[in-house]
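Colleague: Handing you a structure now.
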Amino acid sequence: MLTLNQDLPTPLVSQIVDGLRDLITAQSLKPGSKLPSIRGFAASHGVSVFTVVEAYDRLVAQGWLVSRANAGFFVKRREAATPGAAAPERAAPTFDAHWYLKQIFENRNLPMKPGCGWLPNDWLFGDAVRRSMRQLSSDGAELDGYGLPHGHLGLRTVVAEAMAERYITVDAERIMLTQGSSQALDLVVRRLVKPGDVVLVDDPGYPNLHFILRFAGAHAVGVPRTATGYDLAALEALLTQHRPTAFFTQPRLQSPTCSVASMAHLHRLLQLAEQHGFMLVENDIYADMETGVRPSLASLDQLKRVVYLGSFSKTISPNLRTGYLAARRDLVDELVQLKMVSGLTSSDITERITFGVVTDGRWRKHLKSLRERLAEAHRTVGRRLEGLGFELFHEPEAGMYLWARHPDLPDSALLTQDATGEGIMLGPGALFLVEPRPTGWLRFNVAFCADERMWRFLEQRIALGHQAS
């Protein structure tokens with residue numbers, strides 16, 4: 001089908017992608033025609049199966065192929081040109097946050113993932129997960145029932161003890177385990193927010209939350225983030241203009257900016273919540289990545305007006321999907337009822353595995369090592385970005401992200417589209433904005449920025465952008 005040359009500097013994956021794209025454009029491969037199987041293509045062209053998987057996945061992401069379960073890969077049918085009309089220039093792609101989020105999870109095998117929201121496999125606590133699974137198996141896991149409505153008691157007790165170390169006084173009955181922090185957010189939105197309500201969110205902030213609020217019929221209003229927390233003047237103006245039901249926020253190591261709200265900002269936010277009568281939902285899923293104990297909204301308020309969310313997915317494994325929330329007893333009871341109505345209990349087996357991990361004797365050592373690796377990665381990646389001319393929003397030397405922009409890369413969505421074709425998953429700024437619009441900001445996951453191919457890609461695009469200007 002193609003002639004590949006392993007002596008060329010162009011990677012084999014790129015040769016396959018470019019070659020198949022040319023064959024489709026020239027109609028040598030007709031719309032709807034089936035491509036060779038992955039193993040068949042690999043055998044006939046003398047390349048690895050992994051190379052073909054990566055090439056096919058890139059072509060699916062770019063819209064040239066479609067994957068059908070148990071059938072294979074097919075040339076995607078594209079709109080036919082009007083007879084006699086000149087072929088139009090390819091239009092610049094429109095950024096679609098829904099599509100991009102889907103692609104993040106469907107294309108996890110892209111070789112470079114500086115825009116993703118998880119840690120590399122070798123940074124996670126895999127050994128403890130395997131030990132916990134073996135122990136659970138030897139103990140005889142119960143498969144014929146459900147877990148507790150609140151979640152596994154042992155794990156809730158451990159969570160309560162960890163929260164006490166952060167100066168939040170809570171017992172296990174005021175903690176509910178969830179399927180990751182996203183389920184916790186969804187349940188809290190459904191309990192606190194009614195269609196038509198105004199809800200404040202960080203801007204930029206967590207895209208999944210923005211989608212959850214829209215599906216609930218709420219009007220999300222963005223509160224601008226700063227390196228020290230919030231634009232308080234803008235926040236107070238918004239409170240005067242609107243009557244928000246709640247403010248969903250990440251004061252600590254916020255995604256995507258990794259900014260940290262100061263103590264003064266936390267106190268002021270609590271004063272404003274009391275004055276204007278809105279709830280605060282504190283999403284603190286990166287707390288374990290910060291060295292030392294820092295005050296939180298929940299520790300200052302002791303869960304009177306604050307709902308506190310946490311997660312183990314970032315530090316143990318994103319596949320375990322174990323999160324939790326803590327709040328007033330009456331609110332937790334209502335949320336447990338809602339959890340049961342919408343999906344019964346969360347997974348007792350997953351929660352028991354997580355319990356085994358966080359009670360492993362090496363858990364604290366793992367967290368200490370993880371913080372040190374992230375701090376070093378922040379310093380290294382920050383200096384390299386600055387060396388290329390990027391502006392950094394904030395440098396916490398903790399957490400997973402750097403938020404940065406370059407004057408010669410004005411639209412990170414277009415840059416992201418080009419990067420996907422090169423096997424690079426970037427984090428375009430428009431994904432995180434309450435009202436998506438062209439922006440040069442990008443979220444870099446410092447744990448995934450060691451591949452020199454990513455840096456060469458950025459250097460090339462910066463050079464092209466500089467020439468264009």
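Readers should treat all values here as calculations from the given coordinates under stated rules, not as data from a laboratory. Quick caveat: nothing in here was measured; it's all calculated off a predicted structure. Cβ: placed from backbone, ideal geometry, glycine included. Neighbour counts: every protein chain shown.
Colleague: Grab the other residues whose beta carbon is less than 14 angstrom from that of R383, score K and R as +1, D and E as -1, and report the net.
Modeller: Around R383, the surrounding residues sum to -3.
Colleague: Local charge sum around G323 (other residues, Cβ-Cβ under 14 Å, Lys/Arg +1, Asp/Glu -1)?
Modeller: -1
Colleague: Okay, moving on. Go through 294-303, 176-185 and give me the packing order, highest mean Cβ count within 10 Å leading.
Modeller: Details: 294-303: 19.9, 176-185: 23.9.
Peptide ranking by packing, descending: 176-185, 294-303.
Colleague: Please tell me which of these pairs span more than 18 angstrom C-alpha to C-alpha: K113/K368; K34/K76; K314/K339?
Modeller: Exceeds cut-off: K113/K368; K314/K339.
Colleague: Measure nothing fancy, just the Cα-based angle from helix 329-343's long axis to the longest principal axis of the chain, in degrees from 0 to 90, nearest 10.
Modeller: 40
Colleague: Could you give the length gained by full extension between T359 and E395, i.e. 0.36 nm per residue of separation minus their alpha carbon distance, to one decimal place? Walk me through the numbers on the way to the answer.
Modeller: On the way: separation 36, 0.36 × 36 = 12.96 nm, distance 3.20 nm.
Roughly 9.8 nm would be gained on extension.
Colleague: Compute the orientation-averaged projected area for the range 329-455 from the convex hull of its Cα atoms and round it to one decimal in nm².
Modeller: Working: hull surface 47.8 nm².
If you wrap the Cα atoms of the range 329-455 in a convex hull and average its projections, you get 12.0 nm².
Colleague: Can you work out the base-10 log of I(q)/I(0) for the chain at q = 0.05, 0.06 1/Å, using the Debye formula on its C-alpha atoms alone?
Modeller: Log10 of I(q)/I(0), two decimals: -0.21, -0.30.
Colleague: Let me ask something else. At 222 nm, what value in deg cm²/dmol follows for the chain if DSSP H runs of at least 4 each add -39500 (n - 2.57) and the sum is divided by all its residues, to the nearest 500?
Modeller: -13500 deg cm²/dmol
Colleague: Compute the signed sum of charges (Lys and Arg +1, Asp and Glu -1) over the other residues within less than 13 Å, Cβ to Cβ, of H210.
Modeller: -3
Colleague: Two decimals is fine: what's Rg over Rh for the range 126-358, C-alpha atoms, Kirkwood radius as Rh?
Modeller: For the range 126-358, the value is 0.97.
Colleague: May I pose another question? Place a point 7 Å from the Cα of T228 along the Cα-to-Cβ direction; which residues of the range 236-277 have their backbone N under 15 Å from it?
Modeller: Of the residues in the range 236-277, 259-269 have backbone N under 15 Å from the label point off T228.
Colleague: Here's a follow-up. Would you mind finding the longest exposed-site-free stretch of the chain, with exposed chymotrypsin sites (Phe, Trp or Tyr not before Pro) meaning DSSP loop and at most 15 other Cβ atoms within 10 Å?
Modeller: The reported range is 168-469.
Colleague: So how tilted is helix 348-358 from the main axis of the chain? Cα-based, degrees 0 to 90, rounded to 10.
Modeller: 80
Colleague: Can you compute the FRET efficiency between E173 and V293 using 1/(1 + (r/R0)^6), with r the Cβ-Cβ distance and R0 = 22 Å? Round to the nearest 0.05.
Modeller: 0.35
Colleague: How much length is gained on full extension from M133 to S48, taking 0.36 nm per residue of separation minus their Cα-Cα distance?
Modeller: Additional length available on full extension: 27.4 nm.
Colleague: At 0.36 nm per residue, and after removing the present C-alpha to C-alpha distance, how many nm does the segment from H276 to R437 gain when stretched out fully? Spell out each step's value before the answer.
Modeller: Working: separation 161, 0.36 × 161 = 57.96 nm, distance 3.02 nm.
Gain in length upon complete extension: 54.9 nm.
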